[in-house]
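This report refers to the structure that appears directly beneath it.
The values are calculated or read from the model by the stated rules, or taken from the named source; none is laboratory data. The structure presented is a predicted model; accordingly, all values stated were derived computationally and were not measured. Positions of Cβ are backbone-derived with ideal geometry, glycine not excepted, and every protein chain shown enters the neighbour counts. Ligands, DNA and RNA are stripped out before the accessible areas are found, and what is left, the full protein with its side chains, is counted by its heavy atoms. Shrake-Rupley method; radii C 1.70, N 1.55, O 1.52, S 1.80 Å.
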Amino acid sequence: CLNQRDRSPQEPDFYSPVSPDPQEPVSTYFEEKVPIPDDDGTKLFSFRKLWAFTGPGFLMSIAYLDPGNIESDLQSGAIAGFKLLWVLLVSTIIGLLLQRLAARLGVVTGMHLAEVCHRHYPMVPRIILWLMVELAIIGSDMQEVIGCAIALNLLSVGRIPLWAGVLITIIDTFVFLFLDKYGLRKLEAFFGFLITIMALSFGYEYVRVAPDQAAVLKGMFVPYCSGCGPAQLEQAVGIVGAVIMPHNIYLHSALVKSRDINRANKKEVKEANKYYFIESSIALFISFLINVFVVAVFAEAFYGKTNMEVGQKCNETGSPHSKLFPANNETLEVDIYKGGVVLGCFFGPAALYIWAIGILAAGQSSTMTGTYSGQFVMEGFLNLRWSRFARVLLTRSIAIFPTLLVAVFEDVQHLTGMNDFLNVLQSMQLPFALIPILTFTSLTSLMNDFANGLVWKISGGLLILVVCAINMYFVVVDVTALNSTILYVFSALLSIAYLSFIIYLVWHCLIALGVSCLDCRGSVQYPPSVLVDEQPEFDS
C-alpha cells in the first residue's frame, strides 16, 4: 500500500531526490551553499568538517532560548525551586531526538518538511496543517516580540513604551534578516554572537546569585518533585510546551539544505547526518546550560518568597517598581518584566540591566529565526514564488500585527501574562509537526536506507502519545476554568475537530510505519515522485 518502487538486485539502493520545482527561484538563506572540505576518507572524525556543518543547529537551538522559554524557566524556579530541572533535561533530550529526524529528512531528500507535506498530503489536510503551524509561529513570535519590547522598556527605564518597542523590533528584524546578503557564514556568526550574549548575561546572574550546586545537580538528575501540587504539575507540563516547538522541526529540516552535499553519494549523506547530529547536540547542550542558569537563579533567590518580602526589599533600595508587588503574603509570581525588577532590587541595578540585555538578545535572535520558519512553511505548503521582500513582509505581518494590537491596548503586566496561553497554544500544535516528521522519516520509498528503524518507530509513536496526553491535560485544565456553558460547547466542538484531524494524521502515520491493513481501499499512497527516473551512481 506504500507504493514503494520495485528494484532489481542490480539497481543501486540509493536515489537522488529532485528539487521541488526546477523553475523555483533560489530560496531565502540558500543563495550560497557552504562547501564541505574533502579528506582521504580514512578519518572517523574531522574538526574541519564539523566546523563546515556548524551553523544550522545553533540557529535551531535559538528556539530553545526564546523569551517564552526564559519566562517558563524563571517561573519554574520561583514556583518549584530546583525540583523541575530534570523535566527541562528530559525535554531537551527529546527535542534533540526530534531535531535529528528533521535534519535527516532535509539531508536525505533535499526538501524540508513543509515541501514534503505539500507533495504527500491532499489539498484540504495540507491547508489545515499549514494553518496550524502558522498559529504556532504566531504564538511564538508574539512571545519573542513582547520579550524584546519589555527588554527595551527595562533598559530605557520606561521611556520606550511597549508599542514603540514592538515597532523597533520589527524594523531591526528586517535589517538583520538581510545580513545573509553578506554571506551565509556571517549571518550564522551573528546568531552565534547573540547566543554568546545570552550565555554571558544569564551566566553573570548565575554567578552573582551563586545557587547551591548540590541542589542544582540533584534537581537535574533525580526525577522527583516532593510536595508538588497542581501549580508545579502545570509548570512541568508548560516546560515541555515551551522547549519543544512545532515550527522548529520545520525550520531545522530547511536549514540543513545550506550545505553542499551530493545526495547521490550515500557516504556523504551518512557523514552529513553524523556531523549535523554532533553539531545539534553541542548547540542544545549550550542552550540547556543557559536555561539552567535562569531556573537556578530564581530557584535560589526567589523560591518561597512572598510579595510583601519583595516589595519591602524594593522599597529599601528605592526601586521605582515597588508598586508591582502588593502588600500581602501570597507567593511571589514573576514574569520576564518582574523578574528583571526583583533581580535589580536584590542584586543591584547591574543585575537588572544585564538581565534586560540577555532578554533582548533572546528576543531578537528568536524573532529572526521565527521569520525564517514562517517563510519556509509558507513557501513549502503553498508553493509560493514571490519575491524575497514580499515573503518577509507577509510572514512578518501575519505574526506581528496581533502583537502590535495587544501592545497598543494593554500594559506590560497584561502582555507578560499572555505567556501561559501562548505556551498552551504552541503545545497544542506539536502533533502537527511530530506526526508528519515521524511519518515521512519512516517511509522507505522516501528515505531509502535512512528510513527509521523499529526502535525509532516505536519510540516516536510513544512520544506522540505522551504529547497528545499532555495536550488533553491542558485542554481539561483550561476548559474547566471557563465557567461558561457557551464556551464549554464551543471548546467541545473545537476539541472534536482537533482530535479528528490528529486521528487522520495518525492513520497516515501508521500506514507509513507498516500497518498496511488500515488502508483497505488503497487510498493512501506515498508516490516516489521525489525520486529521479535515472538512477545515479554513487561512490563505493
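Mind telling me which of the residues Gly183, Gly158, Gly227 ends up being open to solvent by 60 Å² or more (accessible area, probe 1.4 Å) and on the phi > 0 side of the Ramachandran plot?
Gly227
Got a sec? Which helices (runs of 4 or more DSSP H) wholly within region 386-481 have at least 3 residues that are among the aliphatic types (A, V, I, L, M), modelled with pLDDT under 85 and open to solvent by 40 Å² or more (accessible area, probe 1.4 Å)?
Correct list: 388-409, 454-480.
Just to be sure, is Ser500 without any contact (Cβ under 8 Å) to a residue 60 or more places away in the chain, open to solvent by less than 40 Å² (accessible area, probe 1.4 Å) and over 20 Å from Pro230 (Cβ atoms)?
no
Testing Lys270 on (1) over 26 Å from Leu289 (Cβ atoms); (2) outside any helix (DSSP H, G or I), one condition comes back false. Which one is that?
Lys270 satisfies every listed condition except (2).
Where residues in region 230-268 are polar (S, T, N, Q) and open to solvent by 30 Å² or more (accessible area, probe 1.4 Å), which of them is farthest from the chain's Cα centre (by Cα)?
Asn262
Please tell me if Val175 is buried (at least 19 other Cβ atoms within 10 Å of the Cβ) and either without any contact (Cβ under 8 Å) to a residue 60 or more places away in the chain or part of a helix (DSSP H, G or I) (or both).
Criteria not met by Val175.
Which one of the conditions (1) touching a residue at least 12 places away in the same chain (Cβ under 8 Å); (2) farther than 26 Å from Leu59 by Cβ does Ile336 fail to meet, given that it meets all the rest?
Evaluating Ile336 over (1) touching a residue at least 12 places away in the same chain (Cβ under 8 Å); (2) farther than 26 Å from Leu59 by Cβ leaves (2) as the failure.
Before we move on, is Ile195 part of a helix (DSSP H, G or I) and surrounded by fewer than 18 Cβ atoms within 10 Å (Cβ to Cβ)?
Against the criterion (part of a helix (DSSP H, G or I) and surrounded by fewer than 18 Cβ atoms within 10 Å (Cβ to Cβ)), Ile195 does not qualify.
If only one of Tyr250, Tyr206, Tyr224, Tyr276 is assigned to a helix (DSSP H, G or I), closer than 30 Å to Val476 by Cβ and aromatic (Phe, Trp, Tyr), which one is it?
The conditions single out Tyr250.
Pairs, please: C-beta under 6 Å, at least 6 apart or cross-chain, first residue within 21 Å of Thr196 (Cα to Cα) and in region 269-298, second not in a helix (DSSP H, G or I)?
Short answer, once both residue conditions are applied: Glu279/Thr54; Ala296/Pro211.
Restricting the search to region 272-300, which residues are open to solvent by 10 Å² or more (accessible area, probe 1.4 Å) and either within 30 Å of Ile36 (Cα to Cα) or modelled with pLDDT under 95 (or both)?
Those that are open to solvent by 10 Å² or more (accessible area, probe 1.4 Å) and either within 30 Å of Ile36 (Cα to Cα) or modelled with pLDDT under 95 (or both): Asn273, Lys274, Phe277, Ile278, Ser281, Ile282, Phe285, Ile286, Phe288, Leu289, Glu300.
I'd like to verify a number: residues in region 82-134 that are under 16 Å from Ile278 (Cα atoms) and either under 16 Å from the mean Cα position of the chain (by Cα) or basic (Lys, Arg) (or both), how many?
Going through region 82-134 one residue at a time, the tally reaches 13.
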